[in-house]
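The values are calculated or read from the model by the stated rules, or taken from the named source; none is laboratory data. Quick caveat: nothing in here was measured; it's all calculated off a predicted structure. Note that each Cβ is placed from the backbone with ideal geometry, even for glycine, and that neighbours are counted across all protein chains shown. Accessible surface areas use protein heavy atoms only, side chains included; no ligands, DNA or RNA. Shrake-Rupley method; radii C 1.70, N 1.55, O 1.52, S 1.80 Å.
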Amino acid sequence: RDIIDTKEFKDSKSLLTLAVGTKTDGSGYISNLAKMPHLLIAGATGSGKSVGVHNIILSVLYKARPDEVKFMLIDPKRVEMTAYKQIPHLYNPCCMADDADVITRPNEASDALKKLVKVMEERYEKYASNMVRNIEDYNAKMVAEGGDKDYYIIVIIDELADLMMVASKEIEDSIQRLAQMARAVGIHLILATQRPTVNVITGTIKANFPARQSFQTVSAVDSKVILDTIGAESLIGKGDMLFLPPSEPRPVRLQGAFVSSKEIEQVVKFIADQDFPKFYEPLVHEVS
């Protein structure tokens with residue numbers, strides 16, 4: 001709450017503003033997912049990684065309506081994201097809006113990511129025919145012409161290692177394509193893993209994720225994989241993190257904001273009670 005109450009968070013125009021945590025001097029640290037454009041999160045069990053993911057989701061829910069931002073939540077562990085089943089922001093390109101749910105099965109996740117690549121390609125064709133470069137220009141043009149705006153899509157994968165064990169080739173290919181090209185059409189990826197080894201976070205994935213967030217890791221080797229430098233193994237856990245924004249040469253030490261399950265429930269209930277209609281553009285259903 002301290003960070004959401006700050007002037008920077010309230011005045012930020014971006015729908016993808018994230019309340020990341022507090023700096024060592026106690027001031028709030030705000031970042032923008034649209035600028036990142038994708039984020040890689042790693043940390044050992046109990047280091048605050050899942051709370052960090054909840055923090056990102058809630059930051060966006062505070063700013064964005066369901067017709068502005070959609071979440072594609074992939075949770076192979078089946079326990080972290082269940083709290084968000086009620087929100088009308090859920091998105092799955094494989095099904096209609098009313099059936100969209102948190103994706104828990106690896107095969108389902110693989111299919112959804114493949115479909116999302118097609119959605120991305122369709123959006124590129126649409127932008128090309130409208131002679132615009134990115135989602136901001138397209139939405140500005142639609143406002144001027146009275147057309148339908150496109151929404152942002154945030155894909156959050158809570159345990160990448162689980163997915164990579166089952167279908168590494170397909171998932172890596174989809175993530176790679178989305179990470180390289182999806183930024184302009186408003187699709188952003190957030191990958192979290194507790195096992196930042198080289199076969200989970202491969203070189204190609206890393207190359208396309210300039211923004212990194214590392215909670216306490218088990219060893220210096222893990223810290224090197226995620227941040228390209230040692231240091232994360234010395235963090236004290238409980239939300240203590242090193243955050244590497246894409247424009248900075250070295251990571252910033254932050255204390256991640258804490259959100260409890262009760263707070264998540266209250267926010268989700270507040271949004272669900274507004275009874276916002278679930279929908280997405282018919283384009284998604286035409287994609288075969």
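List of remarks:
- Ranked by solvent-accessible area (1.4 Å probe, protein heavy atoms only, all chains present), the residues Phe276, Phe9, Phe258 order from largest to smallest as Phe258, Phe276, Phe9.
- Backbone amide hydrogens, once placed in the peptide plane, bring Lys70 within less than 5 Å of Tyr152, Ile153, Ile154, excluding anything fewer than 5 places away on its chain.
- Whole-Hz Karplus values for the range 236-252 come out as 9, x, 6, x, 6, 9, 10, 10, 10, x, x, 8, 9, x, 9, x, 9 Hz, taken residue by residue from phi with 6.51 cos²θ - 1.76 cosθ + 1.60 and θ = phi - 60°; glycine and proline positions read x.
- Taking the helices alone, the chain has a mean residue ellipticity at 222 nm of -11500 deg cm²/dmol, built from -39,500 (n - 2.57) per DSSP H run of at least 4 residues and averaged over all its residues.
- Zone residues, the range 170-208, relative to Ile230, backbone N less than 20 Å from point 7 Å out along Cα-to-Cβ: 196-198
- Apportionment of accessible area to carbon and sulfur, the chain, percent (1.4 Å): 51
- Top of Asp173, Asp25, Asp150 by mean-square fluctuation, Gaussian network on the chain, Cα under 10 Å: Asp25
- Degrees, to the nearest 10: 160-181 long Cα axis against longest axis of the chain: 60
- Checking the cross-link pairs Lys10/Lys35; Lys49/Lys224; Lys49/Lys149; Lys206/Lys262 against a 24 Å limit on the alpha carbon distance flags Lys49/Lys149; Lys206/Lys262 as lying beyond it.
- Assigned charges on the beta-carbon of Lys, Arg, Asp, Glu; the range 110-164 dipole about Cα centre (debye): 240
- Helix 261-273 axis, angle to the chain major axis (alpha carbon atoms, nearest 10°): 10
- Extension gain, Glu263 to Asp99, is 56.5 nm, computed as 0.36 nm per intervening residue step minus the present C-alpha separation.
- Rounded to the nearest 10 square angstrom, Leu58 shows an accessible area of 10 square angstrom against a 1.4 Å probe.
- Helix axis angle, 106-129 relative to the chain longest principal axis, alpha carbon, degrees: 60
- Accessible area per residue for the chain, computed on protein heavy atoms with a 1.4 Å probe, is 46 Å².
- Sequence of Asp222, Asp148, Asp273 from largest to smallest accessible area, 1.4 Å probe: Asp148, Asp273, Asp222
- Projecting the Cα atoms of Ile171, Ile230, Leu16 onto the dipole axis of the chain, where Lys and Arg carry +1 and Asp and Glu carry -1 at the beta carbon, places Ile230 farthest toward the positive end.
- Bridge type composition, the chain - antiparallel percent by DSSP, nearest 5: 40
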